[in-house]
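Structure record follows, encoded as structure tokens.
The values are calculated or read from the model by the stated rules, or taken from the named source; none is laboratory data. Keep in mind that this is a model prediction, so the values were computed, not measured. Cβ placement follows ideal geometry from the backbone for every residue including glycine, while neighbour counts extend to all protein chains displayed.
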Amino acid sequence: MKKIVVLGGGYAGVLTAKKLAKKFKKNKDVQITLIDKQSYHTMLTELHEVAAGRVDEESIRMDLKRIFAGRNVEVVLDEIKTIDFDQKVLVSDQQSYEYDYLVIGTGCKPTFFGIPGAEHAHQLWSYTDAVNLREHILNMFRQAALTADKQKRRELLTFVTVGAGFTGVEMAGELGEWKDELCRSFHIDRDEVSLYIVDFAPKVLPMYPDKLIKKAEKRLIKLGNELVMNSAVSEIHEDKVVLNKGEKVIQTHTVIWAAGIEGSDIVDQASVEKAGRGRIVTNGHLQAKDYEDVYVVGDNIFYIPEGEERPVPQMVENAEHSAPVVAHNIAVDINGGTHKTYKPTFHGSMVCIGSRYGVAQVGMPGMWFNLSGFFAMASKHLINIIYFIQVLGFNKIWSYLMHEFFHTKNNRSMVGGLLSNSAPVFWKFPLRIFIGFMWLQQGLTKLPKIVHDFNNVFLLPAPPKADTIGGASEAVSQVVPEVVETVTAASGAIAEGASSAAAAVSQTVSDVVSNSGDIFTMLADAIHDFMNWITVLPVPGFVENMVNWSMDAFFYTPDGTQFTQLASLVQGGMICGEIIFGGMLIIGLFTPVAAIATIAMGCMIWASGMAPTEMLWYLVGGFALIGNSGMVLGLDYYVWPWIRKMLPKIPLLKKWYLYVD
């Protein structure tokens, strides 16, 4: 039994464990264990959204056991204190864990560079940090609302973000948006709130080109931030922060530290070669120096690729690139083969400044594109979704879209509140009953006809026949000669005798009237068909052609004069569907399924060329009812919570994350 231990449930650790599970899914002689001190995986790049009240806290965490459900990965909740590389064992306060191969992906932690008073600063490097910071900011506004002392209020409402890199800019941008909402909630004048961004660098986001920097600075200032650049923090106190050894003092009770990171505590204590603020030096295969059975992933890597001058950056894409390389190389160690060398190609980075604006540099070395505003935000959301596909699939993508677009607070999303569906669903109740009743009535009206004769098909166009108007013309052409012949005979009869002529004329009139009745009936049918044609929804030509082909192939007999048995079955299914789905809408049971089904039936009727204009109401109403309309005065109120609870228990759905929370 080969034991592989992945230490750390961050970006790199989770991806590496999933890649390893895929490599060894059929090998029962390999045991994979992931150890982390938290039971969940945290989206560190989204912490600012929780800290500034944009999304709910559960949106940034994913249960590790859900991530590895149905996979050969054991998740262990523990905090490792020491690593004995010679004995190949990890030790915690509770127990020890042996390994044959170790993957270190413990990430980093904030560094304060020895500045006094670090305990008074708020960090933003974990789920707990984000939740605590959010509650602290809310508490500052609560206290300010109850304080009459203007100076005290100003101190409480002053917020200083230290660090103008990715994390600091994103936090300052979110706080700039949130302050307006908080001022309304607590009845505070916006002019009383002060926001600062402090950094030793001369400008924000120094890794970006000047054009993007200027846009970022402009946006930050617009959101109410004052940029204090070329300034170093000397001391942090409970009620103030000192800059440049006393040159400037900002009175505040809130200092948010986002100014730098270093290796995690366990890496700091590990007896391996390190460089660059506690990162583990590796070779090209991402093995720790002097230990071929120890691999390093993500932020813990200190490796300078061939031809480069700097080590790989500490960013999520580095985690995504290093995970498959390490998984492959461990598989080679066990099964044989050739190791891969780590040759990452990075595609840029994105920074959001509030919920509606961002800047980004994307592309590849030698070809970079600068984005700002909507397109930068779109690229950030796209990258997040690509990551979620790898980690928690549909479940997390659905949750992410709900939090970011459909359940937004105060229109804080890149599209504002345009996609928000927070309106109460009870307004849909009358529409649900109406649409359900209409479909039910349609089905119940047609049902007796097929009960009487199952082969009586009337939901499909009749088999091709001679044109009714053409038939009428043919009938006329047949009648006219008869009339002429009869009149001629009558004329001859006059010469023979009045009585015989009278009898012939009488018979002629009778025949004409009889044949005229048939003509008028045909003409009336033609007019009726024409009126129906102008009152049905038009069908594009290409759709009509496809429908005609399918009907000729499946629903009409080869001679084109009768319906097939399949046509009868389709009609029976349609009528049953109208009754069943109409009833489901009325009682509010599985309304999303019923609504989608009625839309499909409406489209089928439309495509056949038999949909009246009122079908538009059915279609539009069906779309409106998809969104949980049965939760009000419907059985869905009881059924859907039970289904949500049961779906994750089904092994296949659990493994592929095909459920929602």
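Among the candidates A51, A17, A69, the residue that is touching a Lys or Arg at 6+ places or on another chain (Cβ under 6 Å) and either modelled with pLDDT under 95 or farther than 26 Å from Q123 by Cβ (or both) is uniquely A69. Here F394, F369, F426, F388 are screened, and the one residue that is assigned to a helix (DSSP H, G or I), of a type in the set (F, W, Y) and farther than 26 Å from P648 by Cα is F426. Looking only at residues of the range 435-448 that are surrounded by 15 or more Cβ atoms within 10 Å (Cβ to Cβ) and of a type outside the set (G, A, S), we find that the one that is nearest to Y618 (Cα to Cα) is I435. Counted as qualifying within the range 558-661 are no helices (runs of 4 or more DSSP H), as none has 3 or more residues that are farther than 28 Å from M402 by Cβ and in contact with an Asp or Glu (Cβ under 9 Å, 6 or more places away or on another chain).
Of the residues examined, P313 is one that is surrounded by fewer than 19 Cβ atoms within 10 Å (Cβ to Cβ) and either touching a Cys at 6+ places or on another chain (Cβ under 6 Å) or in contact (Cβ under 8 Å) with a residue 24 or more places away in the chain (or both).
Tallying residues that are surrounded by fewer than 17 Cβ atoms within 10 Å (Cβ to Cβ) and closer than 22 Å to T345 by Cβ within the range 379-394 yields 5.
Results for (1) surrounded by 14 or more Cβ atoms within 10 Å (Cβ to Cβ); (2) farther than 28 Å from C108 by Cα; (3) out of contact with any Leu (no Cβ under 7 Å at 6 or more places or on another chain); (4) polar (S, T, N, Q), shown as yes or no for each residue.
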position	(1), (2), (3), (4)
Y196	yes, no, yes, no
K218	no, yes, yes, no
L243	yes, no, yes, no
A258	yes, no, no, no
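Restricted to the range 600-612, and to residues that are of a type in the set (A, V, I, L, M) and surrounded by fewer than 18 Cβ atoms within 10 Å (Cβ to Cβ), which residue is modelled with the lowest pLDDT? Top of the filtered list is M610. Listed here are the strands (runs of 3 or more DSSP E) enclosed by the range 10-108 that have at least 2 residues being within 28 Å of the chain's Cα centre (by Cα), in contact (Cβ under 8 Å) with a residue 60 or more places away in the chain and more than 23 Å from T282 (Cβ to Cβ): 40-42, 61-63.
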